[in-house]
1. Looking at the structure I just gave you, is Val78 modelled with pLDDT of 90 or more and buried (at least 16 other Cβ atoms within 10 Å of the Cβ)?
2. For the stretch 130-137, check the following and say yes or no: at least one residue is surrounded by 13 or more Cβ atoms within 10 Å (Cβ to Cβ) and either more than 22 Å from Val40 (Cβ to Cβ) or at pLDDT below 85 (or both).
3. From (1) within 14 Å of the chain's Cα centre (by Cα); (2) at pLDDT below 90; (3) exposed (fewer than 13 other Cβ atoms within 10 Å of the Cβ), pick out the condition that doesn't hold for Gln30.
4. Look through the stretch 137-153, keep the residues that are in contact with a helix residue (DSSP H, G or I) (Cβ under 8 Å, 6 or more places away or on another chain) and acidic (Asp, Glu), and return whichever of them is farthest from Leu39 (Cα to Cα).
5. Could you grab me the full set of residues in the stretch 159-173 that are over 17 Å from the mean Cα position of the chain (by Cα) and closer than 13 Å to Lys133 by Cβ?
6. Among the residues of the stretch 1-57, which ones are among the small types (Gly, Ala, Ser) and not in a helix (DSSP H, G or I)?
7. How many residues are in contact with a helix residue (DSSP H, G or I) (Cβ under 6 Å, 6 or more places away or on another chain) and more than 18 Å from Val87 (Cβ to Cβ) when one looks only at the stretch 38-47?
8. Before we move on, is Glu118 over 14 Å from the mean Cα position of the chain (by Cα), over 22 Å from His144 (Cα atoms), among the acidic types (Asp, Glu) and modelled with pLDDT under 85?
Amino acid sequence: MESESMYQLLTKMKDGNQQAFHTLYEATYQDVYRTVSFLVDHQQDREDIMNEIYMQMWTSIANYDSNRPFHFWLHGLVIRQVQRFRVKSWRRFRIFERIRAFSREESHWDQPAVLMDETSQMISQAIQKLTDKQRTVIILRFFHDYTLEEIATLLDIPLGTVKSRYHAGLQVLRKKLRDLPPERMERINAY
C-alpha cells in the first residue's frame, strides 16, 4: 500500500472512520499474522493476540506519530501484545500447570500463507527451537527487514543485547539446518 493512501487511511481512522480501519486491517493482516505465527505456538493464542493487536491499534491510533513509519509502529504493537500474552500465559501456566499439559494442541503452520513448502517448514521448525527473545529478533530482522538498531528501538533494549540475541539465534539455526540436502541449502541461502 502506498504511503500516501496509508496516510489518508490513518487520518480517517483518527477521525473514527471504521471503513478506513477495515481497509487497513485487510492491508496488514497477512503480515501481522505471519509475525504472530512465528512468535506464538498455538492457533487459539494467535487469534486472541491478533484480536488484541487490532483492538489496540484502534484505541491507540491517536498516539501514532505520522512522522514515523506506520509498519514500524504496528510491529511495536505486535511485539508488545505478544509480550503481554507471554506474561499472562506464564501466570496461567503456574496456576493451571497440570491442566495445560493435557490440553496442548499442535501448531498449525498451514494457516494463511505462513509457510509454503517443506524447506520452509524445516526453517520454521528450527526457528521454533530458538528462545522467545532470539526468535523475536530473527523474525524482525529477516521477515520484516529491520536493522539491528531499529530492532533495539522497537524492543526498547540495548543494541548490544539485540546483537547478542541475533548472533546466538543464527548459530542455533545453522546447527539445526546444516544436515539439509545441498539442493535445500541452496534454497535456504536464497531465503
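The values are calculated or read from the model by the stated rules, or taken from the named source; none is laboratory data. Source: prediction; values computed, not measured. As a convention, Cβ positions derive from the backbone with ideal geometry for all residues, glycine included, and neighbour counts pool all protein chains shown.
1. For Val78, the condition - modelled with pLDDT of 90 or more and buried (at least 16 other Cβ atoms within 10 Å of the Cβ) - is met.
2. Within the stretch 130-137 (the criterion being surrounded by 13 or more Cβ atoms within 10 Å (Cβ to Cβ) and either more than 22 Å from Val40 (Cβ to Cβ) or at pLDDT below 85 (or both)), the answer is no, since none of the residues qualifies.
3. (2)
4. Restricting to residues being in contact with a helix residue (DSSP H, G or I) (Cβ under 8 Å, 6 or more places away or on another chain) and acidic (Asp, Glu), the top hit is Glu149.
5. Once the filter is applied, which keeps residues that are over 17 Å from the mean Cα position of the chain (by Cα) and closer than 13 Å to Lys133 by Cβ, the stretch 159-173 yields Thr161, Lys163, Ser164, His167, Ala168, Val172.
6. Matches in the stretch 1-57: Gly16 only.
7. 1
8. Details: over 14 Å from the mean Cα position of the chain (by Cα): yes; over 22 Å from His144 (Cα atoms): no; among the acidic types (Asp, Glu): yes; modelled with pLDDT under 85: yes.
Taking the combined requirement at face value, the residue does not satisfy it.
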